[in-house]
Amino acid sequence: TINDNADSIYAGQPTSYVVTANNNGEKTVKVAIIINNVPNSITNVTRDCIPFSGSECNNSGGNVNNIYDVLTIAPGSKVVYTINGTISLGASGTLLNRASISVPAGITDLIPENNTATDTTIILKPPGGSQILLPMIVNR
């Protein structure tokens, strides 16, 4: 899943996404690849990964805009990424953020249609429009 818990957001505001990869099966999944290309309209991106109960993520933290990680997910466990950033002031329209996971050979995925998720958020212009602040020089 991927979710920012917002139907709309103002340009210039901070945003946060949670990307979760679950293993509802009975076998440990090794070498699963998760991908999330954070849209360009999100700037100052940071991310972190938390593996739960015997799971592993290998590429967490730092100022990396995209997730491309090789995971191990234990049965009944999950890996959760938190992605933080700011909607750029020039952004507008609809923001689509998509995450997907591929299952390695030898693992049977009983529900492959849940291996891709997309979050949709409408970007609103800030109230009063964009503001540019210029220094003021006073001559006395």
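The values are calculated or read from the model by the stated rules, or taken from the named source; none is laboratory data. Bear in mind the structure is a predicted one, so any value in this text is a computation, not a measurement. Using ideal geometry, Cβ is built from the backbone for each residue, glycine included, and neighbour counts are taken over all protein chains shown. Protein only, heavy atoms only, side chains kept; ligands, DNA and RNA dropped before computing areas. Shrake-Rupley method; radii C 1.70, N 1.55, O 1.52, S 1.80 Å.
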ask   = If you go through the stretch 60-74 one residue at a time, do you hit one that is open to solvent by less than 60 Å² (accessible area, probe 1.4 Å), modelled with pLDDT of 90 or more and touching a Lys or Arg at 6+ places or on another chain (Cβ under 7 Å)?
value = yes
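Can you tell me which residue within the stretch 87-114, out of those that are in a strand (DSSP E or B) and among the aliphatic types (A, V, I, L, M), is nearest to residue 45 (Cα to Cα)? Break it down into steps so the answer makes sense when it comes.
Quick first cut of the stretch 87-114, residues in a strand (DSSP E or B) only: 87, 93-102.
Subset that is among the aliphatic types (A, V, I, L, M): 87, 95-96, 99, 101.
Working: 87: 10, 95: 15, 96: 16, 99: 16, 101: 21 Å.
Top of the filtered list is 87.
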ask   = Quick one: how many residues across the stretch 35-56 are in contact (Cβ under 8 Å) with a residue 60 or more places away in the chain and part of a strand (DSSP E or B)?
value = 3
query = For the stretch 105-140, what are the residues that are of a type outside the set (Asp, Glu), modelled with pLDDT under 90 and surrounded by 10 or more Cβ atoms within 10 Å (Cβ to Cβ)?
reply = 107, 126, 130
Selection from the stretch 1-32 of residues that are of a type in the set (A, V, I, L, M), open to solvent by 40 Å² or more (accessible area, probe 1.4 Å) and closer than 15 Å to residue 115 by Cβ = 31
